[in-house]
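Bear in mind that the values in this text are calculations on the coordinates, not laboratory data. Values in this document were obtained by computation on a predicted structure and should not be read as measured data. Virtual Cβ from ideal backbone geometry, glycine too; neighbours counted across all protein chains shown.
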Amino acid sequence: VQLQASGGGLVQAGGSLRLSCVASGRTFSTYGMGWFRQAPGKDREFVAGISRSAGSTGYTDSVKGRFTISRDNAKNMVYLQMNSLKPEDTAVYYCAQSKVGGYISSPNLYAYWGQGTLVTVSS
């Protein structure tokens, strides 16, 4: 399984970015997907997750109302639309594929990870 994340970059506070992740190697629609992030000196944290059929989504409290996760099973893609970005959102963002059909906030229950894409939000 390979996951390829893209869409990161430098943006001013208040701006928007859309991250994309394409998956290959196993039936994409069988598994939940998640986005995580890791800032310098900090642990990797759950950002958003989506179940295999997109019927269920979840977010960490700090991004609720600003970020939206979505997926297109026909294209093997998962997206993270990030609006109203803040400097504290600066991190490397990773997409990951769950071991099950739902999404989970624990990184230990994700089987595969992308390489990460850097998001930098300037104040």
Percent breakdown of C-alpha pair distances by 5 Å bin, ordered from the shortest bin, for the chain: 2, 13, 24, 27, 19, 10, 4, 1, 0
In a shell of Cβ-Cβ distance under 14 Å around Q81, excluding Q81 itself, what net charge do Lys and Arg (+1) and Asp and Glu (-1) give? +2
Kindly count the pairs of lysines across the chain whose alpha carbons are less than 21 Å apart, treating pairs on different chains or eight or more residues apart as eligible. 4
Which order do peptides 66-75, 96-105 fall in by mean Cβ count within 10 Å, highest first? 96-105, 66-75
